[in-house]
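Novice: Mind having a look at this structure? Questions to follow.
The values are calculated or read from the model by the stated rules, or taken from the named source; none is laboratory data. As the structure is a prediction and not an experimental result, all values here were calculated from the model. Here the Cβ positions follow ideal geometry from the backbone for every residue, glycine too, while neighbour counts run over all protein chains shown. Side chains included, ligands, DNA and RNA excluded: accessible areas come from the protein's heavy atoms. Shrake-Rupley method; radii C 1.70, N 1.55, O 1.52, S 1.80 Å.
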Amino acid sequence: MFEFIEGISQFLREPFMNAANSMESIPLLFALLLGLVGALAPCQFSGNISAITLYGTNSLKEGISWSDTFFYVFGKIVAFSGLGLIVFLLGQEFQQQLPLFFEPMRKILGPVLILIGIYMLGVFTMRWNLQLWKPSGNKKRKGKWGAFMLGFSFSLGFCPTMFILFFVLLMPLTLATGYGAVLPSLFAIGTSIPFLFVIFAIWYLGLSGKVMKKGRRIGLYVQRTAGTFMIAIGILDILTFW
């Protein structure tokens, strides 16, 4: 299954990888394009699709929360910048041991996506809520924290492709460039480009909160459809990475 997903991923990311290689002499653009390539890597692809599904559904139902969008991207920036700082402090030799820490976390993602999908279907309720993007009231702070943690945790799913992009291609340039400290952040923003594109499209097309205006019944159908899609992504993720 991984070989099949990797084949699709390679087809999608090849044009962007070629563009990144042509910009290697411009480190800022190189880091941004590498991040975009990383967004299409197998280990990041399911996470990005899940974030788009979760936030896209909520944006259609309740409207876009730009602050939560920022915190989602900020979570990714903190994750990749933190990894870059670890390599800088502990040396490039240590980065060879990092995949041992990423593998268990990557396997958790699939079951978590299935659990979220089942929750979105309304099969069970929780005393605590999935405050990922809730735009109103006292829940706003929880929404920001949920968005941040979603971006942070999704960024830690590494596979061989992502390892090469970040540690083999980006980090040597980061350590060799005077302003290299900003490159992991640009890489993180690059991995967020598909997500940001969908949010911008929802805003530009005037679809923010559109479902809620149509009625709660339609909103329920949209949420259950998204929940079914999340379960399918989770199952595919398990088949790919377990």
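Novice: Ignoring ligands, DNA and RNA, how do 23, 230 rank by accessible area with a 1.4 Å probe, largest first? The partial results should precede the final answer.
Specialist: Working: 23 65, 230 0 Å².
The residues order as 23, 230, largest area first.
Novice: With a probe of 1.4 Å, find how much accessible area region 151-198 has per residue, and write the answer as a whole number in Å².
Specialist: Numbers: 1690 Å² over 48 residues.
I get 35 Å² per residue for this part.
Novice: With every protein chain left in place, what is the accessible area per residue of region 1-88 in square angstrom, probe 1.4 Å? Don't skip to the end; give the middle numbers.
Specialist: Values: 3620 Å² over 88 residues.
Result: 41 Å² of accessible area for each residue.
Novice: Here's a follow-up. Excluding ligands and nucleic acids, what accessible area in Å² is computed for residue 116 using a 1.4 Å probe, to the nearest 10?
Specialist: Counting only protein heavy atoms, the figure is 20 Å².
Novice: On to the next question. Under the Karplus relation 6.51 cos²θ - 1.76 cosθ + 1.60, θ = phi - 60°, what is the ordered set of whole-Hz ³J(HN,Hα) values for region 69-74, x standing for Gly and Pro?
Specialist: 4, 4, 5, 5, 5, 4
Novice: Summing Lys, Arg as +1 and Asp, Glu as -1, what charge do residues with Cβ under 15 Å from the Cβ of residue 187 carry, residue 187 excluded? Mind dumping the intermediate values first?
Specialist: Numbers: positive: 13, 76; negative: 24.
Once positives and negatives cancel, what remains is +1.
Novice: May I ask for the net charge around residue 74, where only other residues with Cβ less than 14 Å from the Cβ of residue 74 are counted and Lys, Arg are +1 while Asp, Glu are -1? Display every interim value, and only then the final one.
Specialist: Values: positive: 76, 144; negative: 68.
Residues near residue 74 contribute +1 overall.
Novice: Which ³J(HN,Hα) values in Hz, rounded to whole numbers, follow from the phi angles of region 78-84 under the Karplus curve 6.51 cos²θ - 1.76 cosθ + 1.60, where θ = phi - 60° and Gly and Pro get x?
Specialist: Along region 78-84, the couplings run 4, 5, 6, 5, x, 5, x Hz.
Novice: Rounded if a/c is under 1.5, else prolate if a/b is larger than b/c, else oblate: which is region 1-91, with a ≥ b ≥ c the root eigenvalues of its Cα gyration tensor? Don't jump to the answer; show the numbers that get you there.
Specialist: Details: a/c = 1.75, a/b = 1.23, b/c = 1.43.
Oblate, since a/c reaches 1.5 and b/c is not below a/b.
Novice: Please report the carbon-and-sulfur percent of the accessible area for region 151-199; probe 1.4 Å, protein heavy atoms only, DNA, RNA and ligands left out.
Specialist: Working: 1380 of 1690 Å².
The C+S portion of the solvent-accessible surface of region 151-199 is 82 percent.
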